[in-house]
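Comments concern the structure below.
Since every read-out is calculated from the coordinates, none of them should be taken as a lab result. Everything numeric here is computed off the predicted structure, so don't read it as measured data. Note that we place each Cβ from the backbone using ideal geometry, even for glycine, and neighbour counts take in every protein chain shown.
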Amino acid sequence: MAFLDWKTDYSVGVAIFDDEHKKLIAIINSLHDSILAEVDAATLCKISDAMVEYTIMHFRHEEMYFDDWAYPDAAEHILAHGALRQQVFDFRQRIGGTDSATLAEEMLSFLRQWLIEHILVEDRAYGEFLFDKGVR
Ligand SMILES: [Fe+2]
Ligand SMILES: [Fe+2]
């Protein structure tokens, strides 16, 4: 069983964003697997790079939809993205300077909490808005 499994409870009602969230969950699961396999700095770099890249892409994609549909709570949501993105960058910067196992554990608990809370509250709010506009 994976560390995190996507559940229908996590659905934001828009298929493309559910798919992207599943991909983020897959990256978090690969981080968890790497911890079980005694992660080293090189592996942690690879996973963090994937996380940074995918996070940037995913946030940009959501923000494009906010623009296209004039989502009224966009400003607040974009601020939340900015803070999360910064945290992911900060973790990436710390690789090599901090013990990899400790850092990986810290990243794992941060990402799990972030992903679940951000999806369940903030992303579901735009999901409802877009769903009402007919976006699926
Ligand atoms: Fe978001
Ligand atoms: Fe999201």
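Bridgeable lysines around Lys22 (alpha carbons under 17 Å apart, same-chain partners fewer than 8 residues away excluded): Lys7. For region 1-68, GluC sites (Glu not before Pro) are listed when DSSP marks them as loop and at most 13 other Cβ atoms sit within 10 Å of their Cβ; the list is Glu38. Translational diffusion of region 28-132, estimated by Stokes-Einstein from the Kirkwood radius over alpha carbon pairs at 20 °C in a medium of 1.002 mPa s, is 146 µm² per second. Phi angles of region 67-74 translate, via the Karplus equation with coefficients 6.51, -1.76, 1.60 and θ = phi - 60°, into HN-Hα couplings of 4, 4, 10, 6, 5, x, 9, 4 Hz per residue; Gly and Pro are given as x. Projecting label points 7 angstrom from Cα along Cα→Cβ for Asp73 and Asp132 puts them 1.1 nm apart. Between region 106-136 and region 1-19, the C-alpha centres lie 10 angstrom from each other. With a cut-off of 13 Å between beta carbons, the residues surrounding Glu53 carry a summed charge of +3, where Lys and Arg count +1 and Asp and Glu -1. Helical runs (DSSP H, four residues minimum) scored at -39500 (n - 2.57) apiece and divided by the length of the chain put the mean residue ellipticity at 222 nm at -25000 deg cm²/dmol.
Between Ala37 and Arg94, the modelled label-to-label distance comes to 2.3 nm, taking each label 7 Å out from Cα in the direction of the beta carbon.
For region 1-102, state which trypsin sites (Lys or Arg not before Pro) are in a DSSP loop and have at most 11 other beta carbons lying within 10 Å of their beta carbon. Of the trypsin sites (Lys or Arg not before Pro), the ones in loops of region 1-102 whose Cβ has at most 11 other Cβ atoms within 10 Å are Lys7.
Here the label points at Phe3 and Val52, each 7 Å from Cα along the C-beta direction, are separated by 1.9 nm in the simple model.
The local environment of Glu105, defined by Cβ-Cβ distances under 13 Å, has a net charge of -1 under the rule Lys, Arg +1 and Asp, Glu -1.
Among residues other than Leu115 with Cβ under 14 Å from its Cβ, the summed charge is -2 (Lys and Arg +1, Asp and Glu -1).
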